[in-house]
């Protein structure tokens with residue numbers, strides 16, 4: 001692993017069959033070898049990205065009590081404010097570390113109102129209405145517009161995935177049309193006290209869902225590192241304006257481990273880097289709650305059995321998310 005490949009996604013929006021096939025080959029190679037790719041030609045407006053960043057910073061600058069007013073109540077997932085040192089991502093790999101130093105503001109589908117999958121109690125936490133603070137006033141419209149763009153982009157990436165896997169281009173369309181994706185503003189605050197031993201901004205983990213779309217901080221210095229096959233870590237340094245894409249554990253299982261969900265982490269800054277907050281925008285594409293995840297056509301070698309038993313996407317995600325949560329004292 002010398003570098004994360006940079007791929008132009010724009011052919012997936014066109015009609016050139018040869019260009020789409022070539023794109024699929026590049027995506028397949030990246031997902032087999034590293035599970036990460038950098039995407040240009042994504043079509044997301046730089047102005048919209050800048051607006052979401054501004055509104056996110058304005059939210060995280062609010063007094064803590066005001067942010068805690070939109071902390072999700074019991075029975076709601078991937079909504080509102082998550083304080084720092086609430087989650088421990090390394091736990092998903094069975095590793096116990098001090099809690100991660102990042103905080104989040106999260107939203108799900110704008111139309112979610114609790115009626116989706118109302119007959120499946122375990123699905124309800126993922127389809128609850130979003131939680132919005134009283135200010136900044138521009139947060140909700142900016143996040144909603146950006147969420148819609150991420151839905152569009154994730155659908156295009158899933159279509160490129162289908163081509164790379166030798167499947168019809170629209171194979172995944174009906175498996176993500178009632179999704180429970182989450183948009184997170186990932187905030188790494190300025191700090192004046194040292195981190196605890198072994199504590200990182202985000203501990204080593206692999207993502208859980210089908211794919212992640214990450215817009216790095218505008219200032220650079222994101223600290224994202226990807227684990228090499230020998231166990232060492234390499235920094236990911238995308239060009240300005242490009243998205244970092246990685247597949248998650250669910251996609252690794254869906255492809256019968258043809259594709260790899262790679263361990264990564266967000267390391268702490270050095271020296272004066274602690275004095276400045278950093279903010280990334282992450283869109284985590286999770287399929288429909290009841291989408292069956294089983295070895296895709298063409299991924300099981302002749303004479304072999306699938307490596308994993310079938311599972312519903314939502315059941316899988318519920319188990320993964322619950323494993324990393326850490327109770328936070330309220331007094």
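The values are calculated or read from the model by the stated rules, or taken from the named source; none is laboratory data. Keep in mind that what you see is a predicted model, and the values were worked out from it rather than measured. Here Cβ is always computed from backbone atoms with ideal geometry, including for glycine, and neighbour counts include all displayed protein chains.
If you check 241, 298, 282, which single one turns out to be in contact with a helix residue (DSSP H, G or I) (Cβ under 8 Å, 6 or more places away or on another chain) and either farther than 18 Å from residue 216 by Cα or not in a helix (DSSP H, G or I) (or both)?
Going through 241, 298, 282 in turn, the sole match is 241.
Report, by residue number, each residue of region 60-92 that is out of contact with any helix residue (DSSP H, G or I) (no Cβ under 6 Å at 6 or more places or on another chain), at pLDDT 95 or above, outside any loop (DSSP other than H, G, I, E, B) and surrounded by 15 or more Cβ atoms within 10 Å (Cβ to Cβ).
Those that are out of contact with any helix residue (DSSP H, G or I) (no Cβ under 6 Å at 6 or more places or on another chain), at pLDDT 95 or above, outside any loop (DSSP other than H, G, I, E, B) and surrounded by 15 or more Cβ atoms within 10 Å (Cβ to Cβ): 60, 67, 80, 82.
Among the residues of region 113-129, how many are buried (at least 17 other Cβ atoms within 10 Å of the Cβ), touching a helix residue (DSSP H, G or I) at 6+ places or on another chain (Cβ under 8 Å) and either in a loop (DSSP other than H, G, I, E, B) or modelled with pLDDT of 95 or more (or both)?
The number of residues fulfilling the criteria is 2.
Can you find a residue that is under 21 Å from residue 186 (Cβ atoms), at pLDDT 95 or above and assigned to a loop (DSSP other than H, G, I, E, B) anywhere in region 136-158?
Yes: region 136-158 contains one or more residues that are under 21 Å from residue 186 (Cβ atoms), at pLDDT 95 or above and assigned to a loop (DSSP other than H, G, I, E, B).
Has region 265-279 got any residue that is assigned to a loop (DSSP other than H, G, I, E, B) and surrounded by 19 or more Cβ atoms within 10 Å (Cβ to Cβ)?
no
Please verify whether residue 51 is over 16 Å from residue 164 (Cβ atoms), in contact with a helix residue (DSSP H, G or I) (Cβ under 7 Å, 6 or more places away or on another chain) and touching a residue at least 60 places away in the same chain (Cβ under 8 Å), treating the condition exactly as stated.
Yes: the conditions hold for residue 51.
Could you run through region 232-245 and say how many residues are under 13 Å from residue 266 (Cβ atoms) and either within 16 Å of the chain's Cα centre (by Cα) or buried (at least 23 other Cβ atoms within 10 Å of the Cβ) (or both)?
Residues in region 232-245 being under 13 Å from residue 266 (Cβ atoms) and either within 16 Å of the chain's Cα centre (by Cα) or buried (at least 23 other Cβ atoms within 10 Å of the Cβ) (or both): 2 in total.
Looking at 9, 68, 89, 37, which one is free of Cβ contacts under 8 Å to residues at least 60 places away in the same chain, in contact with a strand residue (DSSP E or B) (Cβ under 8 Å, 6 or more places away or on another chain) and on the phi < 0 side of the Ramachandran plot?
None of the other options fit; the residue is 68.
Looking at residue 100 and the list (1) crowded, with 20+ Cβ neighbours inside 10 Å; (2) farther than 28 Å from residue 197 by Cα, which single condition is not satisfied?
Only one criterion is unmet by residue 100, namely (2).
In the list 170, 189, 164, which residue meets the criterion of being farther than 19 Å from residue 284 by Cα, in contact with a helix residue (DSSP H, G or I) (Cβ under 8 Å, 6 or more places away or on another chain) and modelled with pLDDT under 95?
Of 170, 189, 164, the one residue that is farther than 19 Å from residue 284 by Cα, in contact with a helix residue (DSSP H, G or I) (Cβ under 8 Å, 6 or more places away or on another chain) and modelled with pLDDT under 95 is 189.
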